[in-house]
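Take a look at the structure below.
The values are calculated or read from the model by the stated rules, or taken from the named source; none is laboratory data. Given the structure is predicted, the values throughout are model-derived calculations rather than measurements. Using ideal geometry, Cβ is built from the backbone for each residue, glycine included, and neighbour counts are taken over all protein chains shown. Side chains are part of the model used for accessible areas, which takes the heavy atoms of the whole protein and leaves out ligands, DNA and RNA. Shrake-Rupley method; radii C 1.70, N 1.55, O 1.52, S 1.80 Å.
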Amino acid sequence: MSKSTLKVALLQETDRGSRQANLDAIAAGLREAAAAGAELILLQELHNGPYFCQHEDTGEFDRAEPIPGPSTDFIGALAAELRLVVVASLFERRAAGLYHNTAVVFDRARSIAGMYRKMHIPDDPGFYEKFYFTPGDLGFQPIDTSVGRLGVLVCWDQWYPEAARLMALAGAELLFYPTAIGWDPADDQAEKDRQRDAWITVQRGHAIANGLPVLSCNRTGFEAAPDGGRGIQFWGSSFVTGPQGEFLASAGTDRRELLLADIDMTRSEDVRRIWPFLRDRRIDAYADLTLRYRD
């Protein structure tokens, strides 16, 4: 394997039933990934517990923790021991009454290399995130690490080409999406297929439009709704693409999986030379993108 090749891993997991059980599974996954030669690991969104946003309950704020805090200490120690770059995802307690959905990056060290607070916050049946999360205020700023400049975004951000573009314009070399998305069990199979295909397609589009690899790690398994609702069947399907949207690796829909892929870090340069989208952008004509809608 050439020095320009980066081996990455995505840890697609289910909720194991408790914070400690989930952290133990992460520890085992990181050790397995390191043994396989991976240097960079992406974890799924809110990996410490269940996807609690299926309902609105102030008691769920007890799950939040400060950053730095116990979970960053735990994952940071593993990143240092195993010499890994790790992209984690936590429910951040910034202050009383102020909480974020936050991705945290460790660069082969216990200390935090950088953070990203989720910018786009959904509010849909089964995904009541606006009740819990304040929109991010760190902007679309890539995080520099020993393996490259990481453009870290979170879940709902993945539907917005503006977010991917701004990360690319700031020099990101890879785009990351820790994710928690799944099916409503009441939907028919055709609708389920359309939703999953759209989720994959839009992210492949971000890879193509920006000439960058994309890594998307989703959770898997059924999680019952705490309020007696229908619950969510998380569809897994974690994947890695190259800068033309080509699949480098993809996971199944219904099982825990450690997904490994090799990324050629020189390929984006080659692709951007033949598809110079950044060169041909009409920045003089895009002012209306800052409008909510053109009436």
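Within the shell defined by Cβ-Cβ distances under 10 Å, the residues around Asp187 carry a net charge of -1, with Lys and Arg each +1 and Asp and Glu each -1.
Which order do Lys3, Lys192, Lys130 take by accessible area at a 1.4 Å probe, largest first?
The ordering from most to least exposed comes out as Lys3, Lys130, Lys192.
In this rough spin-label picture, where each label sits 7 Å from Cα along the Cβ direction, the Asp227-Arg149 distance is 4.3 nm. Given +1 at the Cβ of Lys and Arg, -1 at the Cβ of Asp and Glu and no other charges, the dipole of the range 54-182 around its Cα centre is 440 debye to the nearest 20.
Most tightly packed first, judged by the mean number of other beta-carbon atoms within 10 Å of their residues, the peptides 224-233, 274-283 read 224-233, 274-283. Counting only residues at least eight positions apart within a chain, or on another chain, the lysines with an alpha carbon under 19 Å from that of Lys130 are Lys118.
Computed log10 I(q)/I(0) for the range 97-143 at 0.14, 0.31, 0.33 Å⁻¹: -0.41, -1.10, -1.17, from the Debye equation with unit scatterers placed on every C-alpha and solvent omitted. When its C-alpha radius of gyration is set against 2.2 N^0.38 Å (N residues), the range 1-97 gives a value of 1.18.
Expressed as a fraction of 2.2 N^0.38 Å, the C-alpha radius of gyration for the range 228-295 is 1.76. Listed peptides 92-103, 176-187 appear in the order 176-187, 92-103 once ranked by packing, highest mean of other Cβ atoms within 10 Å at the front. The ratio of the alpha-carbon radius of gyration of the range 179-225 to the globular-protein estimate 2.2 N^0.38 Å is 1.36.
Estimated purely from DSSP H runs of n ≥ 4, each contributing -39500 (n - 2.57), the mean residue ellipticity at 222 nm for the chain is -7500 deg cm²/dmol once divided by its residues. Restricting to the range 112-183, compute how many DSSP beta bridges are antiparallel as a %, nearest 5. Once the DSSP bridges in the range 112-183 are tallied, antiparallel ones form about 60 percent. Taking the square roots of five times each eigenvalue of the Cα gyration tensor of the chain, the equivalent ellipsoid has semi-axes of 27, 24, 20 Å, listed largest first. Surface calculation, 1.4 Å probe, protein heavy atoms: Tyr160 sits at approximately 70 Å² accessible. Taking packing as the residue-averaged number of other Cβ atoms within 10 angstrom, the listed peptides 263-270, 5-12 run from highest to lowest as 5-12, 263-270.
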